Amino acid sequence: MSFTQKYNITQNILLKKALPLPRKLSDYPYLMNKLLAFVLNLNNRLYTHLLFWLAYYILRVSAYLERYPNTPQVQFFELFAKVIAVYINLYILMPYLLKKKKNLLYGLSFLLNLAICGVIQTEVVRQMMRSGIYDQSEYVLYSAHKTSSIVFTIFTVVAYATIIKVLKEAYQNQQVNQQINQERLENELKFLKSQINPHFLFNALNNLYSLILMQSNKAKDVVLKLSDLLSYMLYETNQQLVSLAKDVEYLQGFIELEKLRFGDELTVETHFEGDLTHTYLPPMLLITLVENAFKHSIGDEDTLVHIRISLNCTHQQLVFEVENSLPPAPAHQAEDNLADGSKKRGIGLRNVQRRLELLYPHKHTLEIHPTKNTYLVKMSVDLSH
């Protein structure tokens, strides 16, 4: 992923205030969270770098102020070599060598960077000694002790800056990946939901076509019922969650539509219990199971169809059962009524299973119990979160 793409995604996350903080940090005061968001905002890069160097400078001055009278001036001039070493490592060596897996070349270049900046700082010290800021009697330039001390000091600040850089990029990459995964899941959910409408329309129009061929007076009633159902599909299903009462009303309308088609050959037993008005669910999650029941019930014209639908919603736990009778069928067709794992499972049950996995991970069950005469589907969803 390019820097521009990562920049745009990170900025979108920050602007939407969708920057989730780690749990440990979320317990810190509000100021800590604001500081983290400020540091991670790419627009504030200049200010965060200045803040880093200011903090480092203050720490160095406070550490040596009581021992050396000219500490503020000395630490200020010594910053130049350290700044050069840090930014050569961050913006040249790491992106062009380390990230391209040229580890040996990176290691040699890193040591060379420390050596060159060590020489630069030694020469800065020489100039400070000439100007009287440094006490000339205290140090011998390019001695083993002085050189190792300078190089180690430069290495320390480079290490600090590198660790901060790595942690910051790792955290930003994590947020970018989470955002990408979230968008992928949302697109998949939209696709799954879009499959419901064509699936329903295909069945409904087939039913209407059959009634028209039979010149049945029920055809006009079917058109009216279908109009009501389409109105719900157009104006309600765009929401992420709808009242369970609305979805049940849609469910009852669909059942009435099927009763017009089947007539006396169909008996439907329904039972709805719980607080449907104040319980919310993704739209049209239940209808697919009911459609599946009618699909499996269809036999010849003389087949009696019995369907039992039960919905129980109490204590944020939803249990939805749909059981239908099965017409006599050859043994080789029984595979269509088997549970998970069958390659011949229809798009409806696969759709429901996938939507549940995306919407309620580890908080749902979908059980399918086929027998010789019945086909039972039981869906349980934990709505507490």
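Each reported figure results from applying straightforward, stated rules to the coordinates on display, with no laboratory input. Everything numeric here is computed off the predicted structure, so don't read it as measured data. Cβ coordinates were reconstructed from backbone atoms using ideal geometry, including for glycine residues, and neighbour counts include every protein chain displayed.
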### Query
Going down the list Lys218/Lys259; Lys225/Lys378; Lys220/Lys259; Lys218/Lys246; Lys246/Lys295; Lys225/Lys259, which pairs span over 18 Å between their C-alpha atoms?
Lys225/Lys378; Lys218/Lys246; Lys246/Lys295
### Query
Which ordering of Phe294, Phe272 is given by a fewest-first count of other beta-carbon atoms within 10 Å?
Phe272, Phe294
## Note on the structure
Exposure proxy check on Asp275, Asp247, Asp264, Asp228: fewest-to-most Cβ neighbours within 10 Å is Asp264, Asp275, Asp228, Asp247
#### Entry: Extension gain from Ser149 to Thr371, taking 0.36 nm per residue of separation minus the Cα-Cα distance
71.8 nm
### Message
Skipping prolines and chain starts, which residues have an amide H placed within reach, meaning under 5 Å, of the one on Tyr280, given they are 5 or more residues away or on another chain?
### Response
Leu244
### In nm, spacing of pseudo-spin labels at Asn177 and Tyr64 (7 Å Cα→C-beta vector)
4.1
